[in-house]
């Protein structure tokens, strides 16, 4: 006779269930860490885009970014207060990630794209408080 006995099938099923149950917390950690990395990469790319607009002199203006705890606004103008609101773009940070340490705004100078000063923006996962940073140095390198 060929085939599997009921005991063999139950053992294989039990092992499969145990492996799935053991891997679920690992998957959750991986997914949580991935969200923080995605939020950091999105922030870097958006900052580079705003910097490029300033370097290109789009609308003959400086460009900057204004920070809130769970979003940031790309604006056009010499400051957030004196901006042209028609050009505002709001970016929301991914769920369960917040901005915990950032300057109020980063301004990139028209034509050079240089920031007014070196700054660090810190993103934090709200679940396990892991943090990642994005730095803009005095020569405009964003990493």
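The values are calculated or read from the model by the stated rules, or taken from the named source; none is laboratory data. Fair warning: this is a prediction, and the values are worked out from it, not measured in the lab. We place every Cβ from the backbone using ideal geometry, glycine too, and count neighbours over all the protein chains shown.
In the list 80, 87, 72, which residue meets the criterion of being closer than 21 Å to residue 143 by Cβ and touching a strand residue (DSSP E or B) at 6+ places or on another chain (Cβ under 7 Å)?
On the way: 80 fails: closer than 21 Å to residue 143 by Cβ; 87 fails: closer than 21 Å to residue 143 by Cβ.
On inspection, the qualifying residue turns out to be 72.
Does region 20-32 contain at least one residue that is in contact with a strand residue (DSSP E or B) (Cβ under 8 Å, 6 or more places away or on another chain) and either in a helix (DSSP H, G or I) or surrounded by 12 or more Cβ atoms within 10 Å (Cβ to Cβ) (or both)?
Of all residues in region 20-32, those in contact with a strand residue (DSSP E or B) (Cβ under 8 Å, 6 or more places away or on another chain) come to 32.
Those still in the list that are either in a helix (DSSP H, G or I) or surrounded by 12 or more Cβ atoms within 10 Å (Cβ to Cβ) (or both) too: 32.
Checked region 20-32: at least one residue is in contact with a strand residue (DSSP E or B) (Cβ under 8 Å, 6 or more places away or on another chain) and either in a helix (DSSP H, G or I) or surrounded by 12 or more Cβ atoms within 10 Å (Cβ to Cβ) (or both).
Kindly indicate whether residue 50 is surrounded by 16 or more Cβ atoms within 10 Å (Cβ to Cβ) and touching a helix residue (DSSP H, G or I) at 6+ places or on another chain (Cβ under 7 Å).
Values: surrounded by 16 or more Cβ atoms within 10 Å (Cβ to Cβ): yes; touching a helix residue (DSSP H, G or I) at 6+ places or on another chain (Cβ under 7 Å): no.
Taking the combined requirement at face value, the residue does not satisfy it.
Please work out which residue is surrounded by the most Cβ atoms within 10 Å (Cβ to Cβ), limiting yourself to region 55-88 and to residues that are under 16 Å from the mean Cα position of the chain (by Cα) and in a strand (DSSP E or B).
Just the residues of region 55-88 that are under 16 Å from the mean Cα position of the chain (by Cα), to begin with: 65-74.
From what is left, the residues that are in a strand (DSSP E or B) are 65-67, 71-74.
On the way: 65: 28, 66: 21, 67: 20, 71: 13, 72: 24, 73: 17, 74: 19.
Filtering region 55-88 for residues that are under 16 Å from the mean Cα position of the chain (by Cα) and in a strand (DSSP E or B), the one surrounded by the most Cβ atoms within 10 Å (Cβ to Cβ) comes out as 65.
Any chance you could count how many residues in region 89-112 are under 17 Å from residue 37 (Cα atoms), in contact with a helix residue (DSSP H, G or I) (Cβ under 6 Å, 6 or more places away or on another chain) and not in a loop (DSSP other than H, G, I, E, B)?
Adding up the residues that qualify gives 2.
Kindly establish whether residue 36 is outside any strand (DSSP E or B), at pLDDT below 95, under 24 Å from the mean Cα position of the chain (by Cα) and closer than 19 Å to residue 143 by Cβ.
On the way: outside any strand (DSSP E or B): yes; at pLDDT below 95: yes; under 24 Å from the mean Cα position of the chain (by Cα): yes; closer than 19 Å to residue 143 by Cβ: yes.
It is true that residue 36 is outside any strand (DSSP E or B), at pLDDT below 95, under 24 Å from the mean Cα position of the chain (by Cα) and closer than 19 Å to residue 143 by Cβ.
Restrict the check to region 75-87 and report whether at least one residue is at pLDDT 95 or above and at positive phi.
yes
Scan region 89-109 residue by residue and report those that are buried (at least 17 other Cβ atoms within 10 Å of the Cβ) and touching a residue at least 60 places away in the same chain (Cβ under 8 Å).
Within region 89-109, just 97 meets the criteria.
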